[in-house]
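Participant: Take this structure first; my questions come after.
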Amino acid sequence: MRRALDTFYRLGGALSALCLTLIMLLIVAQVLGRILDELLGWAGLDALGLNVPGLAELASFLLLGATFFGLAYTFWQGGHIRVTLVLQQLPKHVQRIMDMAVTLVAAAVTGFATWHSAWLTWDSYDYGDLSIGMVPVPLWIPQLVMTLGLAWLLIALLDALASLATGRIAKLTSEAPQE
């Protein structure tokens, strides 16, 4: 089970990286298209008009994917910011209890956000909402990405809570569990 969850979290990290890579490729294509058009103009030729329509909107949807797909992976790798100034001053057994309490609260908030994000996604699908940019994208698609990313994070939080409760990890820090 541990291996499957770790693979699951790595998949989220890989999807996040893929979204960032796609943003980069779209921007490079746009820049190269503009450069080529400029060079053609200097040579006295007609510009080809190479551009990526709706680039800003597509990039924002991909950034949403990069952010939300990466949440669980980043959490499990200990990459989220944690304020440990007070926690470090407590005895070890109290640190574990505090870690469990904070993780439980985070799981509750994430569960709440996941539930409402899922309803928002369903409503957008049901009503046929489209984005208002140059490229009309059904809004349920990026909203589904957000919902999946939140659900992924919820699974990671519940996994961490179970790990803390069973003593598999002593606390959640930047030295979070590795394989």
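Participant: Can you work out which of the residues in segment 1-59 that are within 23 Å of Leu139 (Cα to Cα) and hydroxyl-bearing (Ser, Thr, Tyr) is surrounded by the most Cβ atoms within 10 Å (Cβ to Cβ)?
Facilitator: Ranking the candidates gives Ser16 first.
Participant: Scan segment 116-130 residue by residue and report those that are surrounded by 13 or more Cβ atoms within 10 Å (Cβ to Cβ) and within 23 Å of Leu154 (Cβ to Cβ).
Facilitator: Ser117, Ala118, Leu120, Thr121, Trp122, Asp123, Ser124, Tyr125
Participant: Somewhere in segment 82-91, is a residue touching a helix residue (DSSP H, G or I) at 6+ places or on another chain (Cβ under 7 Å) and modelled with pLDDT under 95?
Facilitator: Yes: segment 82-91 contains one or more residues that are touching a helix residue (DSSP H, G or I) at 6+ places or on another chain (Cβ under 7 Å) and modelled with pLDDT under 95.
Participant: Please specify each residue of segment 130-151 satisfying the condition of being within 14 Å of Leu64 (Cα to Cα) and part of a helix (DSSP H, G or I).
Facilitator: The answer is Trp140, Ile141, Pro142, Gln143, Leu144, Val145, Met146, Thr147, Leu148, Gly149, Leu150.
Participant: If we scan segment 92-102, do we find a residue that is farther than 17 Å from Leu5 by Cβ, among the basic types (Lys, Arg) and part of a helix (DSSP H, G or I)?
Facilitator: So far as segment 92-102 goes, yes, one or more of its residues are farther than 17 Å from Leu5 by Cβ, among the basic types (Lys, Arg) and part of a helix (DSSP H, G or I).
Participant: From the list Leu144, Leu164, Leu148, pick out the single residue that is at pLDDT 95 or above and either aromatic (Phe, Trp, Tyr) or in contact with a helix residue (DSSP H, G or I) (Cβ under 6 Å, 6 or more places away or on another chain) (or both).
Facilitator: After applying the criteria, what remains is Leu144.
Participant: Same structure, new question: Suppose we filter segment 72-81 for residues that are modelled with pLDDT under 85 and among the hydrophobic types (A, V, I, L, M, F, W, C); how many remain? Write out each step before concluding.
Facilitator: If we filter segment 72-81 for residues that are modelled with pLDDT under 85, which is where we start, we get 78-81.
Now restrict to residues that are among the hydrophobic types (A, V, I, L, M, F, W, C): 81.
Number satisfying all stated conditions: 1.
Participant: Also, I was wondering about something else. Just need a number here: residues in segment 71-125 that are free of Cβ contacts under 8 Å to residues at least 24 places away in the same chain and of a type in the set (D, E, K, R).
Facilitator: Summing the residues that are free of Cβ contacts under 8 Å to residues at least 24 places away in the same chain and of a type in the set (D, E, K, R) in segment 71-125 gives 1.
The values are calculated or read from the model by the stated rules, or taken from the named source; none is laboratory data. On a predicted model such as this, the values are computed, not experimentally measured, just so you know. Glycine also receives a Cβ, built like all others from the backbone with ideal geometry; neighbour counts cover every protein chain displayed.
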